Amino acid sequence: MSDYKKLEKYGWEEFFEKDFEQYSKSKFAAGRVAIENKSNFNIYTESGELTAEISGRFHYNAGASSDYPAVGDWVVIKLIPDERKAIIEHVLKRKNKFSRKAAGDTTDEQIIAANADIIFIVTSLNQEINLRRIERYLTLVSENNAEPVLILSKSDVCENEDSKLSEVRSIASGINVHTISAKENTGIDELRKYFEGNKTVAVVGSSGVGKSTLINCLAGSDEMEVSDISLYKDKGRHTTSHRELIVLKDGGLIIDTPGMREIQLWEGNEGISDAFADVEEYSVRCRFTDCRHDTEPGCAIKKAIENGELTVERFNNYIKLQKEVRHFEIKNDKKAQIEEKKKWKKISSNAKRNK
Ligand SMILES: Nc1nc2c(ncn2[C@@H]2O[C@H](COP(=O)(O)OP(=O)(O)OP(=O)(O)O)[C@@H](O)[C@H]2O)c(=O)[nH]1
Ligand SMILES: [Mg+2]
Ligand SMILES: [Zn+2]
């Protein structure tokens, strides 16, 4: 148990300790992935920050890309004596993960942050608020069992803060919303409570909304590179190009991520139910259980829209996200079927050969 205390500041807890018990402590140590480079990782360990590579056996056993360590993961390592290096042998069970469908037309899962207790979804107040995008993020976070917190940034350059705030509140009942200005250092201290107990927060949102600036503000030092907003304009350039887990001086950890352009959902009707609890509540009140909320009489959704309790846009987004998940699940099923077929082909041809 001696290393427990030393690892606590990196977010070590009972959950990981339990999974780690199966490994011999004389051979292995635990570490947390801070940065994922092309072929190696920076990890925090009880003996400080090290670089680590993946063992041959790990590669051999890994199937999907989500089997590999992601930023925030706890890994089981073997230390290389006399070098500040280690070999990663296993990934400890994840408490949760924030993932999305990998960009492009695949059905691969891309893990953006592992073991993040809370997700800050950052939107900039100096732009039009995109409620549909926020709903998408909220769905994604709920799917992944983390607590979402909405951060409206750059309040110093916003004139109608109150109306934007109530707009956002209208789609986020039960979710904490904060307005901040990193430039004027307002609203930042209210965020510190989320880090209590060495919690891990991952920060997500579009490029240029001020994620890295906020992180520097919380860290009290320039941990992450920030570049002038004018560079974003035409090139759509991202400043942060990699994910990184940073330890805060006052306790807690924060994960910076590059701005996301494509936020496709992974799986999860559950995420949709959480993010659209109001819509689902109306729909159970429809007269027909199989109501398509189209022309059926006694449709509670239609009524809520007519009364102004629910906006058409929110309802349409709900339907759209549901379709997306269904489409994805069908595709994923097909992929699984094809892989299953391949596997059986291989087994039966091996069996023939062995006759
Ligand atoms: N006025 C104002 N500008 C801000 C504030 N926070 C960040 N900015 C500016 O917004 C620009 C982008 O900030 P970043 O922190 O790099 O944005 P990011 O979300 O990390 O962007 P990516 O790394 O590309 O995803 C910089 O020019 C910041 O100085 C703020 O509170 N007020
Ligand atoms: Mg950044
Ligand atoms: Zn209906």
Inset, instruction - Towards the positive end of the charge dipole of the chain, with charges on Cβ (+1 Lys, Arg; -1 Asp, Glu), say which of Gln22, His293, Thr139 has the farthest Cα. - result: Gln22
Legend entry - No Cys partner within the rule (Cβ under 4.7 Å), the chain: Cys158, Cys217, Cys299
Inset, instruction - Enter the accessible area per residue of the chain (Å², integer; probe 1.4 Å; all protein chains in place). - result: 54 Å²
Inset, instruction - Could you pull out every residue, at least 5 positions away or on a different chain, whose amide H is within less than 5 Å of the one on Met224? Hs are placed 1.01 Å off N in the peptide plane, and Pro or chain starts have none. - result: Asn216
Inset, instruction - With a 10 Å radius around each residue's Cβ, average the other Cβ atoms per peptide and rank 93-99, 159-165, 48-54, highest first. - result: 93-99, 48-54, 159-165
Inset, instruction - Order these peptides, 82-88, 69-75, by their mean beta-carbon neighbour count within 10 angstrom, highest first. - result: 69-75, 82-88
Inset, instruction - Would you mind working out the magnitude of the charge dipole of the chain relative to its Cα centre, with +1 at each Lys and Arg C-beta and -1 at each Asp and Glu C-beta, to the nearest 20 Debye? - result: 1960 debye
Legend entry - Karplus (6.51, -1.76, 1.60) ³J(HN,Hα), θ = phi - 60°, over the stretch 109-120, in Hz, Gly and Pro reported as x: 8, 10, 8, 8, 8, 9, 6, 9, 6, 9, 10, 7
Legend entry - Relative contact order computed over the stretch 36-178 (Cα-Cα under 8 Å; 6+ residues apart), in percent: 17 percent
Inset, instruction - Using Cα pairs closer than 8 Å and at least 6 residues apart in sequence, work out the relative contact order for the stretch 36-115, in percent. - result: 27 percent
Inset, instruction - Quote the relative contact order of the chain in percent (integer), defining contacts as alpha-carbon pairs under 8 Å separated by 6+ residues. - result: 14 percent
Inset, instruction - Name the residues whose placed amide hydrogens come within less than 5 Å of the amide hydrogen of Val91, ignoring near sequence neighbours (fewer than 5 apart) on the same chain. - result: Val76
Legend entry - Surface share of carbon and sulfur [accessible, 1.4 angstrom probe, percent] for the chain: 47 percent
Inset, instruction - Kindly rank 246-254, 276-284 from highest to lowest mean number of other beta carbons found within 10 Å of each residue. - result: 246-254, 276-284
Inset, instruction - For Ser124, enumerate residues with amide H under 5 Å from its amide H, sequence gap 5+ or separate chain, H modeled in the peptide plane. - result: Ser153
Legend entry - Phi to ³J(HN,Hα) by Karplus 6.51 cos²θ - 1.76 cosθ + 1.60 over the stretch 4-16, Hz, x for Gly, Pro: 3, 4, 6, 8, 4, 5, 9, x, 5, 8, 2, 3, 7
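The values are calculated or read from the model by the stated rules, or taken from the named source; none is laboratory data. The structure presented is a predicted model; accordingly, all values stated were derived computationally and were not measured. For neighbour counting, all protein chains shown are included, and Cβ atoms are generated from backbone atoms with ideal geometry for every residue, glycine included. The area values use the complete protein model at the heavy-atom level, side chains included, leaving out ligands, DNA and RNA. Shrake-Rupley method; radii C 1.70, N 1.55, O 1.52, S 1.80 Å.
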